[in-house]
Structure formats: structure tokens, C-alpha cells
Amino acid sequence: MRLASYNGGRIGRVEGDEIVDLTSLVTGGEKPHRLTVSPMRTLITHWGELGQRAARADGSRLPLSDVVLGAPISDPTKILAAPVNYADHQAEMSVESHVSSLGLFLKSPSSLLGPSGVVRLPYSDRRFDQEGELALVIGRPADRITSDPLSYVFGYTGLLDITMRGGEDRSTRKSFATFTPMGPWIVTPDEFGDPEQTDVRCSVNGELRQSANTRDLIWGVAELVRYATWISPLLPGDVITTGTPAGVDQLLDGDRIVLSVTGLGGELVVSVSSEGAVTSHTTGKNRGPLPPPSTRTVSR
Ligand code: MN
């Protein structure tokens, strides 16, 4: 099943080029925006009792082209992210360490952005890069698990881990508002295929920058889920993003990013704007791990 959030808090099942409204399954008649937990997080939390109904419900249908998709889940309690989890990305960053020594880091859930959103670059004097990644959404509580990690996964989606380069902590460099585009929707494991054998491709302005398969992850999806539960108890709706392959490069005003993940049946497309950018508040420029110099320059 493909599950999306749309039109400011509604949830639906994506079928072909239509979306079937499932919001009433979880709202109990309340307006979606009045709820303290998002409809998608509620649906995931109560999937055991609602899953069958979600599959069959025949609510009102709209063409996908007529709705505005949001991040599939707007309010995960946390987003855990793998820092260096492909050998080719480790090489391009010229760093010694990878996920097995670094562990995971946190991105702010307030940085989430929906498909067709605009990534807003906050600073005019810093470099920002795209990182295309496979992400997963947790389906049930998981605390210090030792077996069957994939059984805790509710579904899979695409995620762009937008990143400022420099010496600041990762949680700062990757948590600016709009720095976590996610989507276009969540695909449940029965439809997604093998998450350990998934193609991830990312293009900017039609030029392919990243192309990888998750079989090349240093820590694969199952290992990441198992490990994450030993950092912090995972709750339904929590997001884990698996890390990015080689090909990170600079984002500039007006860019269009397209992330394609096999098994999703749709792409995550966002644009980039530097409108309102100011000079950096911190002094981390030219520090920290540096990716290859970009041939692209800021035009202003
Ligand atoms: Mn990343």
C-alpha cells in the first residue's frame, strides 16, 4: 500500500494517479488540524486494527495532480540518520570514520518538507549539498531489539538529507527548516520489495549526481534498525534515514532536485531557493569534512 499525507493534514491511499481519502479512519470526526498527533502517526500507531480498513476503505477520490502532498509523516518523535554509510561517499569526503564508529545523529523533525516544497538555503556565504537517501518509518515500539529488525518497519520512503558543509555539529548543519524533504509517500514492505537491494538515484537540474544500490550500504537497513533501538526507544512513525552514496554536490538558487527510489512508484521533487539568505551566524566555514570542490559557483 502507498500512503500519503496531503492538503494540510489529510491522509490517503495512493492508487495509480489517484488518492483515496482515509482521514476519517483516524480523526473520529475531528478536523485533522485540531489533532495533537498527526493522522499518519495515528494510522501507523493503530495499524493493527486499522490496516485492513485502510486497504479497503473507499473514501472520496482525487487525482494526485489536484492535491498538495506533504511529508508523509509530519511529526515523527525523531529522525535518526546514518552519517557515512557508503564506502564511495566515505572516499569522496576523505574521512577515516564511518557509521560503525560514528553511530547515528539526529535531524530535527521541524526540518521536514513535503514533495514539491522549496528548500530554503539560510545563508548566502556557505555551501549546501543534496544527499539522496532511502528512509524507513518505524511501525511499532522497538527498544534494544536483538532479532527480526525489519518486522518493526512500517514502510519505506525517499528522503533528502540537505546539508550545510562546515565544522558545526551535524544536528545544526542538517536541521534548518526545509532541510528534510521526504516522500512522495510511504510504501509498505509487502509492496516495496527488498530494502537491501534498492536503487537510489538523485538528479539536480536533470543531471544525475548519485546512483547507488542499498546492497552497498556499510550498515544495511536491518542493521541500522537494530542498532537504532539501542540508542533510543523507537516509536511508531519514527524515521531512520540510511545515508547517502557518492555524488553530493552544491545546491544553488533555482535548482530542482529529483530523488528516485526503486519500489516507491513515484519521485520526490523539490526546488531550491536562497531568497532571504543572510550571512552565517557561526564560524564553521571551511572546517569539518570537505566534499570535492564544486565547479558551480554562487552567482551573486
Ligand atoms: Mn545523509
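The values are calculated or read from the model by the stated rules, or taken from the named source; none is laboratory data. Note that this is a predicted model, so its numbers are computed, not measured. Cβ placement follows ideal geometry from the backbone for every residue including glycine, while neighbour counts extend to all protein chains displayed. When the accessible area is computed, the model is the full protein with side chains, heavy atoms only, and any ligands, DNA or RNA have been set aside. Shrake-Rupley method; radii C 1.70, N 1.55, O 1.52, S 1.80 Å.
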| field | Percent of beta bridges antiparallel (DSSP, the chain, rounded to nearest 5) | value | 85 percent
| request: Just reorder His98, His89 by solvent-accessible area, largest first, 1.4 Å probe, all chains present. | output: His98, His89
| task | Please name whichever of Phe154, Phe179, Trp230 sits farthest to the positive end of the charge dipole of the chain, dipole taken about the Cα centre and charges placed at Cβ: Lys and Arg +1, Asp and Glu -1. | result | Phe179
| Does anyone have the angle between helix 221-231 and the longest principal axis of the chain? Alpha-carbon axes, 0 to 90°, nearest 10? | 90 degrees
| remark: Nearest 10, in degrees from 0 to 90: the angle of helix 47-56 to the longest Cα principal axis of the chain is 80 degrees
| field | Fraction of accessible area attributable to carbon and sulfur, the chain (%, probe 1.4 Å) | value | 48 percent
| field | Over 20 Å [Cα-Cα, the range 109-265], rounded percent | value | 49 percent
| Stokes-Einstein diffusion coefficient of the chain, Kirkwood radius over Cα pairs, 20 °C, 1.002 mPa s, in µm²/s | 111 µm²/s
| message | Please report the accessible area of Asp190 (heavy atoms, 1.4 Å probe, ligands and nucleic acids excluded) in Å², nearest 10. | response | 130 Å²
| remark: Most fluctuating of Ser260, Ser65, Ser151 in the GNM of the chain (C-alpha, under 10 Å) is Ser65
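Under the rule of -39500 (n - 2.57) per DSSP H run of 4 or more residues, summed and divided by the residues of the chain, what mean residue ellipticity at 222 nm is obtained, to the nearest 500 deg cm²/dmol?
Working: 8 runs with 51 residues, N = 300.
About -4000 deg cm²/dmol.
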| query | Picking from Pro72, Gln52, Ser110, whose Cα lies most toward the positive end of the charge dipole for the chain (charges on Cβ: Lys, Arg +1; Asp, Glu -1)? | reply | Ser110
| message | Under 10 Å, Cα contacts only: if you run a Gaussian network model on the chain, which one of Arg287, Arg173, Arg140 comes out with the highest mean-square fluctuation? | response | Arg287
| With all protein chains modelled, accessible area of Leu64 [1.4 Å, Å²] | 40 Å²
| request: Over the chain, average the accessible area per residue using a 1.4 Å probe and give it in Å², no decimals. | output: 42 Å²
